[in-house]
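Shown next, in structure tokens, is the structure this report addresses.
Every number in this text was worked out from the coordinates using simple rules, so none of it is lab data. Quick caveat, the model's predicted, so the values are computed rather than measured. Reconstructed Cβ throughout: ideal geometry from the backbone, glycine too, with neighbour counts over all protein chains shown.
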Amino acid sequence: MKIQVNGMIYDESNRDCQCQLATTQNELFAFIQCLDLGMDGQETPIKKRYWGRYDHDDKEESIRAIMQNGGKWPLLPQ
């Protein structure tokens with residue numbers, strides 16, 4: 001699955017793009033890492049991270065909505 005939104009791309013075949021799921025308070029959330037190519041298609045993509053509600057029955061639309069309107073989350077130390 002490959003999703004493009006406003007110069008950003010989520011491609012599940014790219015190891016830099018990730019989707020982690022978490023359930024809390026009886027709701028399912030996804031934490032998405034996608035790549036920002038910029039409006040002019042810059043050479044070096046920037047990793048961007050967003051989170052929001054997730055629905056297993058509509059995976060693609062859930063990820064698209066998170067990329068468009070999800071909350072931002074920081075790069076955490078590993």
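Quick look at the numbers
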quantity: Rounded tilt (10° steps) of 59-69 against the dominant C-alpha axis of the chain; calculated: 70 degrees
quantity: Relative contact order of the chain, pairs being alpha-carbon contacts under 8 Å that are 6 or more residues apart, as %; calculated: 25 percent
quantity: Net charge, T23 excluded, C-beta distance under 13 Å - Lys, Arg +1, Asp, Glu -1; calculated: -1
quantity: Spin-label model distance (nm) - V5 vs M39, 7 Å beyond Cα toward Cβ; calculated: 1.9 nm
quantity: Matching label, mean projected area of the Cα convex hull in nm² computed from the structure shown, candidates (i) 5.6; (ii) 10.7; (iii) 7.5; calculated: (i)
quantity: Simple label model, 7 Å out from Cα along Cβ direction - I46 to K59, nm; calculated: 2.9 nm
